[in-house]
Amino acid sequence: MASISHAITATTNPYLNLPHPAQTRSSILRLSHSNSRRVIKNVGVFAEHSNSTSTSAIDFNDPDWKIKFQQDFESRFRLPHITDIFPDSPPIPSTFCLKMRTPIGKNIPGHYSLDEEWHGYINNNDRVLLKTINYSSPKSAGAECIDPNCTWVEQWVHRAGPREKIYYKPEEVKAAIVTCGGLCPGLNDVIRQIVITLEIYGVKKIVGIPFGYRGFSDKELTEVPLSRKVVQNIHLSGGSLLGVSRGGPGVNDIVDTLEERGINMLFVLGGNGTHAGANAIHSECCKRLLKVSVIGVPKTIDNDILLMDKTFGFDTAVEEAQRAINSAYIEAHSAYHGIGVVKLMGRSSGFIAMQASLSSGQVDVCLIPEVPFNLHGPHGVLRHLQYLLEMKGSAVVCVAEGAGQNLLQNTNAKDASGNIVFGDIGVYIQQETKKYFKEIGVHADVKYIDPTYMIRACRANASDGILCTVLGQNAVHGAFAGYSGISVGLCNTHYAYFPIPEVISHPRLVDPNSRMWHRCLTSTGQPDFI
């Protein structure tokens, strides 16, 4: 994966650099598609900027700044389409119609024979509002503002769903599915629904790439033929039918394999790193003038993908985390001066720890990567645990894996995906807690629980099952509509398409000034540990 990551940093999206009649560009305000959003801490404003551009580049005295910002936003969020590379590619009537239950008609190759028009398609101009709250002040809790006055600026993203016109003939499609990174609840659900929807369109050649990107280069790994019969019941168990792995070959090798095998639709299930790889594959296909649609489905149990309400597997992780938290509570509550420490997933984002703590009602201290804390000192976590033992006799600590890494020794080691290998903050807190109470002469019974692999290997719950089903369907709709280099996700309760560069610029983080984090603090009753 290191080779893929290297290619990403040097690659821009060629689709976004090509002229298109529907594309509006602002010549005054240029905000790169690789922009990241940073929180301006002193005023609580979210700014959108590139490496050399910030909100200071916007002339707020210009009466047209708002229009120019919206034009640039529309330009950045324009979806790459195969007609950008193949302008003469003809659209054909969609073969997706829920009025018909029969396969593609023999007499009319390429589409269903319909007696009447079906009104279930999405118009290409349909949009979903990205933000729904009109903040009156940048000092409002969780305020996300463009300008210092927190002016309301409409930002729209493309609505997902089936289109009336498609750009692939189903009989000519060979679709491939690959699952990368670590396990996550719902992988099989997405695989299943992609296969089912492809078959409804009329696709006959569907394969799975085994063990992530590695399956494109390892000669010992062969394609897995997929059909509704194969995937019918795979959603009833956790894991991935195709297997997962980190790392893999370079982008050129992957695209060589796509070309050799005649794959023209690739569905990539993974997180930020995997999506970055998908974007690099998409870009290389454009350079080679290959008609291939690369569609990402955001798979991250940490819920750390930008612009999306949530990613699949997150709800299941929060629900399963309740078991570990409840066990820690019982252990702590049943012991004399018992302290239960639970470590949950969350490398850079503390959404699982926050939501699990909020929902359990049994957590006294929640520690996440976005909020720094001290273990020692008069305002540290350990002093608060001492107070809790004195007041209620027990305590439960929930900590995200990426929290407090500044307290641990940095080994500089990296995994196959290029991620820094973190120290175990849970074990560190357990050891420091025991040491602290021993030094002050107070008995403490500390229990440590790490349910990481139990959580990510389980079957998706009902909420995630629905999310996975709809994501899989919309991924296929996006591919047949001719889009590529996009990801599908839930935005303000509606499903939308996003250009991949816009959702991978950096991980989505918990805003320490958000109402949800404030609710968590209200539930735990913890103070500021700085």
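The residues of region 160-182 that are within 14 Å of the chain's Cα centre (by Cα) and modelled with pLDDT of 95 or more, listed by number, are 179, 180.
Filtered by the rule that a residue be outside any loop (DSSP other than H, G, I, E, B), more than 24 Å from the chain's Cα centre (by Cα) and surrounded by fewer than 13 Cβ atoms within 10 Å (Cβ to Cβ), region 399-416 gives a lone residue, 406. Under the condition of being in a helix (DSSP H, G or I) and surrounded by fewer than 21 Cβ atoms within 10 Å (Cβ to Cβ), the residues counted in region 328-359 number 6. Scanning region 212-222 for residues that are open to solvent by 90 Å² or more (accessible area, probe 1.4 Å), of a type outside the set (Lys, Arg) and either touching an Asp or Glu at 6+ places or on another chain (Cβ under 7 Å) or closer than 18 Å to residue 267 by Cα (or both) returns a single hit, 222. Annotation: residue 225 fulfils all but one of (1) in contact with a strand residue (DSSP E or B) (Cβ under 7 Å, 6 or more places away or on another chain); (2) crowded, with 17+ Cβ neighbours inside 10 Å; the unmet one is (2). Residues of region 246-268 that are out of contact with any helix residue (DSSP H, G or I) (no Cβ under 6 Å at 6 or more places or on another chain) and not in a loop (DSSP other than H, G, I, E, B): 252, 253, 256, 258, 259, 260, 261, 266.
Scanning region 226-263 for residues that are closer than 14 Å to residue 192 by Cα and either over 27 Å from the mean Cα position of the chain (by Cα) or among the aliphatic types (A, V, I, L, M) (or both) returns 226, 229, 230, 231, 234, 236, 241, 242.
Which residue is least open to solvent (accessible area, probe 1.4 Å), if the candidates are limited to region 372-398 and must be part of a loop (DSSP other than H, G, I, E, B), under 12 Å from residue 527 (Cα atoms) and touching a Gly at 6+ places or on another chain (Cβ under 9 Å)?
Looking at residues that are part of a loop (DSSP other than H, G, I, E, B), under 12 Å from residue 527 (Cα atoms) and touching a Gly at 6+ places or on another chain (Cβ under 9 Å), I get 373.
Among strands (runs of 3 or more DSSP E) entirely within region 440-506, having at least 2 residues that are β-branched (Val, Ile, Thr) and in contact with a Leu (Cβ under 7 Å, 6 or more places away or on another chain) singles out 486-491. The residues listed here are 437, 498; of these, the one that is in contact with a Cys (Cβ under 9 Å, 6 or more places away or on another chain) and in contact (Cβ under 8 Å) with a residue 24 or more places away in the chain is 498. None of 316, 300 is polar (S, T, N, Q) and open to solvent by less than 10 Å² (accessible area, probe 1.4 Å) except 316. Which count do you get for residues in region 264-280 that are more than 13 Å from the chain's Cα centre (by Cα) and either closer than 22 Å to residue 170 by Cβ or without any contact (Cβ under 8 Å) to a residue 60 or more places away in the chain (or both)? Result for region 264-280: 4. Taken over region 169-180, the criterion of being open to solvent by 10 Å² or more (accessible area, probe 1.4 Å) and assigned to a loop (DSSP other than H, G, I, E, B) is satisfied by 169 alone.
From 195, 153, 207, 230, grab the single residue that is surrounded by 21 or more Cβ atoms within 10 Å (Cβ to Cβ) and among the aliphatic types (A, V, I, L, M). Step by step, each of 195, 153, 207, 230 is checked, and only 195 is surrounded by 21 or more Cβ atoms within 10 Å (Cβ to Cβ) and among the aliphatic types (A, V, I, L, M).
Going through (1) under 17 Å from residue 236 (Cα atoms); (2) open to solvent by less than 10 Å² (accessible area, probe 1.4 Å); (3) in contact with a Phe, Trp or Tyr (Cβ under 9 Å, 6 or more places away or on another chain) one by one, residue 460 falls short only on (2). The number of residues in region 197-211 that are touching a residue at least 40 places away in the same chain (Cβ under 8 Å) and closer than 22 Å to residue 183 by Cα comes to 1. State yes or no: is residue 148 open to solvent by less than 40 Å² (accessible area, probe 1.4 Å) and either closer than 25 Å to residue 275 by Cα or more than 21 Å from the chain's Cα centre (by Cα) (or both)? Spelling it out, it is not the case that residue 148 is open to solvent by less than 40 Å² (accessible area, probe 1.4 Å) and either closer than 25 Å to residue 275 by Cα or more than 21 Å from the chain's Cα centre (by Cα) (or both). Checked against (1) surrounded by fewer than 18 Cβ atoms within 10 Å (Cβ to Cβ); (2) modelled with pLDDT under 95; (3) among the charged types (D, E, K, R), residue 127 passes all but a single condition, namely (2). Annotation note: Cβ proximity below 8 Å between a residue of region 145-156 that is within 13 Å of residue 65 (Cβ to Cβ) and a residue that is of a type in the set (D, E, K, R) and open to solvent by 20 Å² or more (accessible area, probe 1.4 Å) (sequence gap 6+ or interchain) occurs for 151/66; 153/66.
The values are calculated or read from the model by the stated rules, or taken from the named source; none is laboratory data. On a predicted model such as this, the values are computed, not experimentally measured, just so you know. We place every Cβ from the backbone using ideal geometry, glycine too, and count neighbours over all the protein chains shown. Ligands, DNA and RNA are excluded from the accessible area calculation, which covers all protein heavy atoms including side chains. Shrake-Rupley method; radii C 1.70, N 1.55, O 1.52, S 1.80 Å.
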